[in-house]
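Undergrad: Please find one structure pasted underneath; my questions will follow.
We did not get these values from a lab; they are worked out from the coordinates using the rules stated. Just so you know, these numbers come straight off a predicted model, no measurement behind them. We place every Cβ from the backbone using ideal geometry, glycine too, and count neighbours over all the protein chains shown.
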Ligand code: CA
C-alpha cells in the first residue's frame, strides 16, 4: 500500500509542486491549505507522514505539531522560512522529525521524507505489512499478487486484488465505501461509489464458494464491508 502524506501549505504553487514530486516518488498525497483544514483531515485519519509549513493561516504549524503529538507519533517534517530559526528549534522540540528551509528543492524534500521513514523504521513496517495472508483455503500474496482458493489460482483485476488485500489485511474491520474508494482508488473524484459494490460482487463470484451467501466478504448494512477470516 502506498504511503499517504498530508502536505499542509498555504501557498498553492508550492503545495502543487511538492505534491507533484511526492506523487512521482510513489506516495499518495493530500493537501490542506490551513491548520483548521489539516485538523479536519487528521481527525478522520492520521496519514503515514505529515509535511507542515510553520507559517499558516488559522492555526500555525507549531500548534498543529503539538496537537498532532498529543495523538500520534506520525513522522513530521516542518517547512520554515530562513529567518525563523527560533521556530525551527521550537518545531524540533515539539516533536517534528526534521525540517527544510525555504526555498528548498522538491527533490531534496523527497529525500528527507525517505530518510525520516528509514530512520523511524516506517519503511520496514511497510515491508512487514506486505506479508502473505491465508485463511481457510484462501491465500493472498501481495508480493506476487496471486490469490488462490483451495490451491487453484484465481484471476483478479488490479483493483479487485487491492480491495481484497486491504479488507483481508484488517479482518473484521468495517470499511465504508468512501474509505475503500480513498484507499483503493486514491479518492479519485470521478469514480462512481457504485464501483465498490460492483467490485465486491465480482470478488465474491471469484473467491466465495457460494457468492450469494458469502463467508469472507461481508456487507455491513448501511455502513460498508468487512472481511471475516
Ligand atoms: Ca506559509
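Undergrad: How much mean residue ellipticity at 222 nm does the chain get from its helices, if each DSSP H run of length 4 or more adds -39500 (n - 2.57) and you divide by all residues, to the nearest 500 deg cm²/dmol? Could the numbers behind the result be given before it?
TA: Working: 9 runs with 97 residues, N = 229.
That comes out to -12500 deg cm²/dmol.
Undergrad: So how do 143, 177, 204, 119 line up by other beta-carbon neighbours within 10 Å, fewest first? Before the final figure, lay out the partial values.
TA: Values: 143 9, 177 16, 204 20, 119 12.
If I rank by nearby Cβ atoms, fewest first, I get 143, 119, 177, 204.
Undergrad: Order these by the 10 Å Cβ neighbour count, fewest first: 72, 152, 19.
TA: Details: 72 13, 152 6, 19 20.
Listing 72, 152, 19 from fewest to most nearby Cβ atoms yields 152, 72, 19.
Undergrad: Taking the alpha carbon gyration tensor of segment 131-227, what are the square roots of 5 times its eigenvalues, largest first, to the nearest whole Å? Could you put the intermediate results ahead of the total?
TA: Numbers: eigenvalues 85, 45, 30 Å².
They are 21, 15, 12 Å, listed from largest to smallest.
Undergrad: Multiply the residue separation of residue 71 and residue 141 by 0.36 nm, subtract the distance between their alpha-carbon atoms, and state the gained length in nm to one decimal.
TA: Values: separation 70, 0.36 × 70 = 25.20 nm, distance 3.27 nm.
Between residue 71 and residue 141, full extension yields 21.9 nm more.
Undergrad: Do you know the relative contact order of segment 4-119, to the nearest whole percent, from alpha carbon pairs under 8 angstrom that are 6+ apart? Before the final figure, lay out each step's value.
TA: Numbers: 180 pairs, mean separation 27.1, N = 116.
Across segment 4-119, relative contact order equals 23 percent.
Undergrad: Expressed in nm to one decimal, what extension gain is obtained for the pair residue 212 and residue 2 from 0.36 nm per residue of sequence separation less their Cα-Cα distance?
TA: Numbers: separation 210, 0.36 × 210 = 75.60 nm, distance 3.23 nm.
Length difference between fully extended and current span is 72.4 nm.
Undergrad: Sticking with this one: Among DSSP beta bridges whose residues both lie in the chain, state the antiparallel percentage, nearest 5.
TA: Values: 16 of 34 bridges.
Among the beta bridges of the chain, antiparallel pairing accounts for roughly 45 percent.
Undergrad: Taking a quarter of the surface of the Cα convex hull of segment 4-119, what do you get in nm²? If you can, show how the numbers build up before the last one.
TA: Values: hull surface 24.9 nm².
In nm², the orientation-averaged hull projection of segment 4-119 is 6.2.
Undergrad: Quick check on packing: order 5-11, 33-39, 144-150 by the mean number of other C-beta atoms within 10 Å, highest mean leading. Before the final figure, lay out each step's value.
TA: On the way: 5-11: 22.1, 33-39: 18.9, 144-150: 14.0.
Packing proxy ranking, top to bottom: 5-11, 33-39, 144-150.
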